[in-house]
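This report concerns only the one structure given below.
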Ligand code: RM4
Ligand code: MN
Ligand code: MN
């Protein structure tokens with residue numbers, strides 16, 4: 001499509017950021033605290049709102065329960081709205097309790113399965129209270145050793161548990177089913193891949209769709225093909241964008257393989273209707289700042305989408321039908337190599353934000369102010385040190 005049409009589509013692009021990426025996080029080796037990192041759900045919402053102000057395209061923030069639990073969700077909703085954002089997907093947490101050592105909805109014990117189900121029910125209620133229409137469910141369930149549990153039994157428990165969660169959904173609320181190859185378990189995972197997730201969603205009904213976390217596949221998986229097939233089947237519910245080098249690395253989107261991001265965004269760009277696909281980021285900033293890294297991810301998604309929108313679809317289709325293998329590939333490559341910075345500058349002028357929102361954050365004194373406000377003023381800002 002031409003630049004003006006691409007600009008119109010870019011204006012509609014909305015990206016949801018995750019509350020959990022704004023707080024301190026780390027690996028199993030250590031958590032290095034970041035000056036001014038958000039400590040409470042209110043501060044996490046503040047940071048998401050700042051990202052929205054600087055980018056103009058991140059109007060919602062996903063919550064993780066109980067990490068973001070509060071007593072009054074109506075008040076939390078109003079707080080978010082007062083900061084200029086709304087609350088997006090509610091993510092139940094089925095891994096943060098001692099009871100979940102051997103799983104949650106697939107646990108061998110009925111008692112633990114009931115606990116997990118109760119938590120999912122609570123999350124549906126929270127979603128209603130905050131005005132969200134999405135439950136993003138990731139199950140950490142699996143086993144570490146062959147023989148540890150009966151795989152078919154576990155699949156049965158999975159279906160039953162998911163059906164029970166699905167039954168709680170009010171009309172208009174969607175259950176996005178997230179899969180992941182491995183981790184925290186290493187021998188088997190109950191929802192390991194998009195096929196299993198799609199199978200479960202088909203069993204459940206139209207309010208269940210698959211969530212593709214771009215870091216949750218075996219090395220070398222063709223993620224854009226998964227996206228294409230799920231779109232064709234009406235089963236693509238949303239994304240957790242991040243990048244990875246080895247496993248579930250949760251790195252800045254597009255930092256390792258921007259061409260893959262472009263190919264994924266191309267599947268979205270050429271789909272007739274992607275209005276329902278929730279574009280969410282799921283990241284963990286362990287050694288870098290949180291807010292500017294989030295903005296960088298947002299900008300990288302915009303860049304990839306802009307390039308994807310500029311693919312000459314007519315010529316591409318003609319080359320494909322004409323069996324011109326290299327010609328078709330070169331059309332994609334040409335779009336990928338286009339310098340879209342001028343187009344994105346136009347977009348940001350229209351959105352009334354700075355041409356480089358990462359730079360705007362870094363020179364705007366935000367980091368020092370947040371460090372001071374949040375009681376880490378004695379630690380010099382990482383930017384001032386360099
Ligand atoms: C998982 C998965 C989920 C996220 C948790 C914290 O690997 O990506 O989406 O909620 O991490
Ligand atoms: Mn995820
Ligand atoms: Mn993950």
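Values in this text are rule-based calculations from the coordinates and carry no lab data. Computed from a prediction, not measured in an experiment: that's the story for all the values here. Using ideal geometry, Cβ is built from the backbone for each residue, glycine included, and neighbour counts are taken over all protein chains shown.
Would you please classify the overall shape of the range 246-386 from the alpha carbon gyration tensor, given that a ≥ b ≥ c denote the square roots of the eigenvalues, rounded means a/c under 1.5, and beyond that prolate means a/b larger than b/c while oblate covers the rest? Because a/c hits 1.5 or more and a/b exceeds b/c, the range 246-386 counts as prolate. For the chain, adding -39500 (n - 2.57) for each run of n ≥ 4 DSSP H residues and dividing by the number of residues yields -14000 deg cm²/dmol at 222 nm.
Over all directions, the projected convex hull of the C-alpha atoms in the range 54-166 averages 8.4 nm² in area. Under the rule a/c < 1.5 gives rounded, and otherwise a/b versus b/c splits prolate from oblate, where does the range 114-203 land using the Cα gyration tensor? Note, shape of the range 114-203 comes out prolate. The order of the peptides 130-143, 276-289 by mean Cβ neighbours within 10 Å, most packed first, is 130-143, 276-289.
Within a 10 angstrom radius of the beta carbon, how do 119, 216, 42 rank from fewest other beta carbons to most?
42, 119, 216
When 123, 106, 323 are sorted by how many other C-beta atoms sit within 10 angstrom of their C-beta, beginning with the fewest, the order is 323, 123, 106. For the chain, the relative contact order works out to 18 percent when only alpha carbon pairs closer than 8 Å and six or more residues apart are counted.
Taking square-rooted eigenvalues a ≥ b ≥ c of the alpha carbon gyration tensor, is the range 174-265 rounded, prolate or oblate, where a/c under 1.5 means rounded and, failing that, a/b exceeding b/c means prolate?
Cα axes put the range 174-265 in the oblate bin.
Comparing 297, 25, 146 in a Gaussian network model of the chain where C-alpha atoms under 10 Å apart are linked, the largest mean-square fluctuation is found at 146.
Looking at the chain alone, DSSP beta bridges between its own residues are antiparallel in about 10 percent of cases. Using the average count of surrounding beta-carbon atoms within 10 Å as a protection proxy, the listed peptides 233-246, 192-205 rank, highest first, as 233-246, 192-205. In plain terms, the bigger the Kirkwood radius, the slower the diffusion; for the range 15-56, with that radius from Cα pairs, at 25 °C and 0.890 mPa s, Stokes-Einstein puts D at 222 µm²/s. Distance distribution P(r), the chain, all Cα-Cα pairs, bin width 10 angstrom from 0: 5, 22, 32, 26, 12, 3, 0 percent. Each Cα pair under 8 Å and six or more residues apart adds its sequence gap; the mean of these over the residue count of the range 64-166 is a relative contact order of 32 percent. Placing R0 at 41 angstrom, the Cβ-Cβ distance between residue 334 and residue 167 gives a FRET efficiency of 0.25 after rounding to 0.05. Here the Kirkwood formula, the inverse mean of 1/r across different C-alpha pairs, assigns the range 56-120 a hydrodynamic radius of 13.5 Å.
Among 99, 250, a tally of other beta-carbon atoms within 10 Å of each Cβ gives an order, fewest to most, of 99, 250.
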